[in-house]
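Below is one structure; the comments refer to it alone.
What follows is calculated from the coordinates using simple rules that are stated; it is not laboratory data. On a predicted model such as this, the values are computed, not experimentally measured, just so you know. So basically every Cβ, Gly included, is an ideal-geometry build from the backbone, and we count neighbours across all protein chains shown.
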Ligand code: ZN
């Protein structure tokens, strides 16, 4: 087991995307700045997709323009095609993330083209990102199950990863987009996928807590050799195919589990809990994360005295 883990906070994009109300640009900027102040150095800050389909992300350029940027932080824009890549680059993203769905049906529903076409688009984007001097990574979505096709064979996930890996990106992720995975499955998929990764490509994992297996899956992924985990502060983020479900694994719950077990994250947990509280006030409803309710342990000295 590693001594430190990198966490990517996907709250400002994956987390907010399913929110019914559009968060004002200034609040999104504050959200991101709070996360950076808490120690996050990789953040999924916006998606560059059709604003008619995702109104919450219509101000992607304005969010990027509003950030007081740190030189050592990566501000990730999600892109699904060439047009999105060009927008993310122009907006000043220093990393882009592309998504390719392991299930062809899901890829068509989500992106309007089949998995093969999305892989081709990814290979093109990876080359353009290299030429432009920014980082590019790809997430293989629905790697643990699909709302349309059901079970996804491990061989299928491995095949999609292998074809995406032809671009030799610095990182590839596997995602449980609909939150159906269990730890034994994570162990199996991670082991199989690692065999086809180029030596310079790291593995990231993305879990949703839809069925309450998110943190267990995250721990299994680390034990299996994943170096980076996605999470969202407050655990926000819906799943379009499970309207009542909770979202991504909560960053603060993940940080608590890791730090108390001696695995460093570089993140100030109390600052993150405060951000979770700010987030639920801003959204006007409770967030799914548990640490926001239960608090840190041991308590910080100031609150012990109070
Ligand atoms: Zn997600």
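In a solvent-free Debye calculation with one equal scatterer on each Cα, what is log10 I(q)/I(0) for the range 164-281 at q = 0.23 Å⁻¹, listed in the order of the q values? Treating every Cα as an identical point scatterer, log10 I(q)/I(0) equals -1.29.
Quick one: compute a quarter of the convex hull surface over the Cα atoms of the range 1-74 and quote it in nm².
Its Cα hull, projected and averaged over all orientations, spans 5.8 nm².
Taking a ≥ b ≥ c as the square roots of the eigenvalues of the alpha-carbon gyration tensor, the range 1-148 is classed rounded because a/c is under 1.5. Extending 7 Å from Cα along the Cβ direction at residue 192 and again at residue 1 yields two label points whose distance is 2.6 nm.
Just how many % of Cα pairs in the chain lie over 29 Å apart, if you round to the nearest whole percent?
On the way: 13424 of 46665 pairs.
In whole percent, the long-distance tail amounts to 29.
Each of residue 155 and residue 58 was given a label point 7 Å from its Cα along the Cα-to-Cβ line. The distance between the two points is 4.7 nm.
Look at where the Cα atoms of the range 134-168 and of the range 8-62 average out, and the two centres are 24 Å apart. Exposure proxy ranking for 9, 59, 230, based on other Cβ atoms within 10 angstrom of each Cβ and starting from the fewest, stands as 59, 230, 9. Subtracting the Cα-Cα distance of residue 264 and residue 128 from their residue separation scaled by 0.36 nm leaves 45.6 nm. State the antiparallel share, in %, of DSSP beta bridges confined to the range 38-127, rounding to the nearest 5. The answer is about 0 percent antiparallel. Here the Gaussian network model covers the chain, with springs between Cα atoms less than 10 Å apart; of 142, 126, 216, 216 fluctuates the most.
If I stretch the segment between residue 113 and residue 290 completely, what's the gain in nm (0.36 nm per residue apart, minus their alpha carbon distance), one decimal?
Values: separation 177, 0.36 × 177 = 63.72 nm, distance 3.78 nm.
Stretched fully, the residue 113-residue 290 segment lengthens by 59.9 nm.
Show that you can apply the helix-only estimate: for the chain, add -39,500 (n - 2.57) for every DSSP H stretch of four or more residues, divide by all residues, and state [θ] at 222 nm to the nearest 500. Walk me through the numbers on the way to the answer.
Working: 12 runs with 123 residues, N = 306.
-12000 deg cm²/dmol, from helical runs alone.
Among DSSP beta bridges whose residues both lie in the range 6-294, state the antiparallel percentage, nearest 5. Let's see the in-between values first.
Details: 2 of 35 bridges.
Around 5 percent antiparallel, to the nearest 5.
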